[in-house]
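Take a look at the structure set out below.
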């Protein structure tokens, strides 16, 4: 009796291996671009945090208590990233409020 050879590992002609569904290339490209952008976003957050901390340190070196307007409050107190704590004292400085404690600060 004859010996049989090992089964062939060759693909039939005209048939391609497909690991991904057709049309997935644009999706993968978009996913790759998003990953690159997110990595850059982390550096941007770190830079923003460093700038905020540097500005606060500069202000606190001049005066331990400093005034903030609405924009500064939103930027330094409410907006992320923030790895620091703040104590905020709200005052009513308008004369019609008649706040004697507020006017003494």
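Might you let me know whether segment 16-24 holds any residue that is surrounded by 10 or more Cβ atoms within 10 Å (Cβ to Cβ) and modelled with pLDDT under 65?
yes
Sort out which residues of segment 71-105 are at pLDDT 90 or above and either surrounded by fewer than 10 Cβ atoms within 10 Å (Cβ to Cβ) or touching a strand residue (DSSP E or B) at 6+ places or on another chain (Cβ under 8 Å) (or both), and write them in order of number.
The answer is 71, 78.
Taking segment 54-105 only, how many residues are more than 28 Å from the chain's Cα centre (by Cα) and outside any loop (DSSP other than H, G, I, E, B)?
Quick first cut of segment 54-105, residues more than 28 Å from the chain's Cα centre (by Cα) only: 61-65, 89-105.
Narrowing further to those that are outside any loop (DSSP other than H, G, I, E, B): 61-62, 95-97, 100-104.
Total meeting the criteria: 10.
Six or more apart or on different chains, Cβ under 8 Å: which pairs go from a residue in segment 60-73 that's over 18 Å from residue 92 (Cα atoms) to one that's part of a loop (DSSP other than H, G, I, E, B) and at pLDDT below 90? Could you list them?
Here the result reads 60/66, each pair linking segment 60-73 to a residue that is part of a loop (DSSP other than H, G, I, E, B) and at pLDDT below 90.
The values are calculated or read from the model by the stated rules, or taken from the named source; none is laboratory data. A quick note: this is a predicted structure, and the numbers were derived from the prediction, not measured. When we count neighbours, we look across all protein chains shown, and the Cβ atoms used for this are built from the backbone with ideal geometry, even at glycine.
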